[in-house]
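Some notes on the structure that comes next.
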Amino acid sequence: MVNEPTKRFEMTRLRRTANAVISNFVKYGVCPPEMHLLTTRGRRSGFLRTIPISVLDSDRGRCLVAPYGEVDWVRNLRKDGFATLRQGGWIELISVRELEPEEAAPLLKEYLQHPRAAVVGPYFETPPEAPDEAFVEEAAGHPVFAIVRSTTIRI
């Protein structure tokens, strides 16, 4: 059986519009519990950048998974190591640590065993039912950040 090539992420006008709509729901807390708004500081511009993101809440801890690969928020987090997560009237200040592929592999597998896989699954080469070892190679293209410290405030 020949694997189909994975989709390449593109920020289209439709995706920007969908992100804006989803962001408004998340901002007011009308969303699934894993949805948050991730705000990072631009690594070159210094401007704040916000996107909706699905946080993986695992028995191994809370993580941010980059289903679309090394996108801007990943590069921004690598530079600063901190960001904010917002949902409704709560803002969480977080510090993160990027995981090694061996640590990230089981988390990527868990990430794909959720209904979100219908949207992000085409961006992965490894199917959700594959063993953890198969996700080690996949982890190179889908960075995972563990949330190592957080402080929550009410706004």
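The values are calculated or read from the model by the stated rules, or taken from the named source; none is laboratory data. Note that the coordinates shown come from a computational prediction; the quantities given were computed from them, not determined experimentally. Ideal geometry is used to build each Cβ from the backbone, glycine not excepted, and the neighbour counts take in all protein chains shown. SASA here: full protein model, heavy atoms, side chains in, ligands and nucleic acids out. Shrake-Rupley method; radii C 1.70, N 1.55, O 1.52, S 1.80 Å.
How many percent of the alpha carbon pairs in segment 68-116 exceed a separation of 13 Å?
Distances greater than 13 Å cover 70 percent of the Cα pairs.
Can you tell me, using C-alpha contacts under 8 Å and at least 6 residues apart, the relative contact order of the chain as a whole percent?
27
Using a 1.4 Å probe on the protein heavy atoms only, what accessible surface does I153 show? Give it in Å² to the nearest 10.
80
Between segment 34-92 and segment 10-28, what is the separation of their alpha carbon centroids in Å?
15
Of K27, K7, K109, which has the most accessible area with a 1.4 Å probe, and how do the rest follow in descending order?
Ranking K27, K7, K109 by accessible area, largest first, yields K7, K27, K109.
Taking the Cα atoms of the chain, report the difference between the largest and smallest coordinate on each principal axis, in whole Å and largest first.
51, 33, 32
Show me the GluC sites (Glu not before Pro) within segment 7-78 that DSSP assigns to loop and that have at most 11 other Cβ atoms within 10 Å of their Cβ.
The qualifying sites are E10.
Quick check: with the 1.4 Å probe, what order do D132, D57 take by accessible area, largest first?
These residues rank, largest area first, as D57, D132.
Only four residue types carry charge here, +1 at the Cβ of Lys and Arg and -1 at the Cβ of Asp and Glu. Report the dipole size of the chain about the Cα centre in Debye, rounded to the nearest 20.
1220
Accessible area, 1.4 Å probe, largest first: how do R49, R62 sort?
R49, R62
Can you give the Rg to Rh ratio for segment 1-69, taking only C-alpha atoms and Rh from Kirkwood?
1.03
For the chain, set up a Gaussian network in which alpha carbons nearer than 10 Å are linked by springs, and say which option among T12, T84, T126 fluctuates the most.
Of T12, T84, T126, the Gaussian network model singles out T12 as fluctuating most.
If you count only protein heavy atoms with a 1.4 Å probe, what accessible area per residue comes out for the chain, rounded to a whole Å²?
About 60 Å² of surface per residue is accessible.
Taking the alpha-carbon distance from K109 and a cut-off under 19 Å, which lysines remain once sequence neighbours fewer than 8 residues away in the same chain are dropped?
K7
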